[in-house]
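The values are calculated or read from the model by the stated rules, or taken from the named source; none is laboratory data. In this text, all values refer to a predicted model and were calculated from it rather than measured experimentally. All Cβ positions, glycine included, derive from the backbone under ideal geometry; neighbour counts span all protein chains shown. Just so you know, the surface numbers come from the protein's heavy atoms only, side chains and all, with ligands and any DNA or RNA stripped out. Shrake-Rupley method; radii C 1.70, N 1.55, O 1.52, S 1.80 Å.
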Amino acid sequence: ELSPEFLAWLISFILIARIWQEQHVIWSYSKNCDKLTIALTLGLMATVSLIPFGSSLVGKFPGAHASVYIFSGIMVANGIMSATLSWQLSRSDHLHGGHGRVPLSSRMNYHLIVFPVTALGAILLTEYHHPLLGMAGWFFEPIAAFAFWQIYGHKDIIS
């Protein structure tokens, strides 16, 4: 009976860990921060803090399509916030010291492509199969991340 809640927790844990990992990589290209980067980081923290709420909805209401839609919306918001932070850090030499513009732009593209595409896949799996299968679709984000970085040629996804 607890398997939907465990699945939802596992997926939220993996995705929070992936976002944390991405933040470490993003900040490794930065040499400085400003008030806007701090505000954007706090905004990202706010969207990350919604992940357990979204996954708990899926765990409590495993047959409800809306729970997967809400969770997917939260994840897309996380992608947008991460992309915005990458953009902010990449646009100013005083923030990245000249060595981070291209890698940070790639990370921005990653968040703007992979998170919405994964959300679309989760929603389609929810609509045409079952909400739990849609939620499980988020397991593909790490796989999509690996594929994305193979195409882009960056090997620092795990750094």
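If you check Pro62, Pro103, Pro52 for being modelled with pLDDT of 90 or more and either part of a loop (DSSP other than H, G, I, E, B) or not β-branched (Val, Ile, Thr) (or both), only one passes: Pro52. Within the stretch 121-146, the set of residues being farther than 20 Å from Ser56 by Cα, in contact (Cβ under 8 Å) with a residue 40 or more places away in the chain and open to solvent by 20 Å² or more (accessible area, probe 1.4 Å) comprises just one member, Pro142.
Is it the case that the stretch 108-116 has a residue that's modelled with pLDDT of 85 or more, surrounded by fewer than 17 Cβ atoms within 10 Å (Cβ to Cβ), within 13 Å of the chain's Cα centre (by Cα) and part of a helix (DSSP H, G or I)? Yes, some residue in the stretch 108-116 is modelled with pLDDT of 85 or more, surrounded by fewer than 17 Cβ atoms within 10 Å (Cβ to Cβ), within 13 Å of the chain's Cα centre (by Cα) and part of a helix (DSSP H, G or I). Selection of first residues in the stretch 9-23 that are touching a residue at least 60 places away in the same chain (Cβ under 8 Å) and of second residues that are outside any helix (DSSP H, G or I), restricted to Cβ pairs under 9 Å at least 6 apart or on distinct chains, gives the following pairs, ordered by first then second residue: Gln21/Ser159. Is at least one residue of the stretch 82-91 open to solvent by 40 Å² or more (accessible area, probe 1.4 Å), modelled with pLDDT of 85 or more and either assigned to a loop (DSSP other than H, G, I, E, B) or out of contact with any Lys or Arg (no Cβ under 7 Å at 6 or more places or on another chain) (or both)? Among the residues of the stretch 82-91, at least one is open to solvent by 40 Å² or more (accessible area, probe 1.4 Å), modelled with pLDDT of 85 or more and either assigned to a loop (DSSP other than H, G, I, E, B) or out of contact with any Lys or Arg (no Cβ under 7 Å at 6 or more places or on another chain) (or both), which makes the answer yes.
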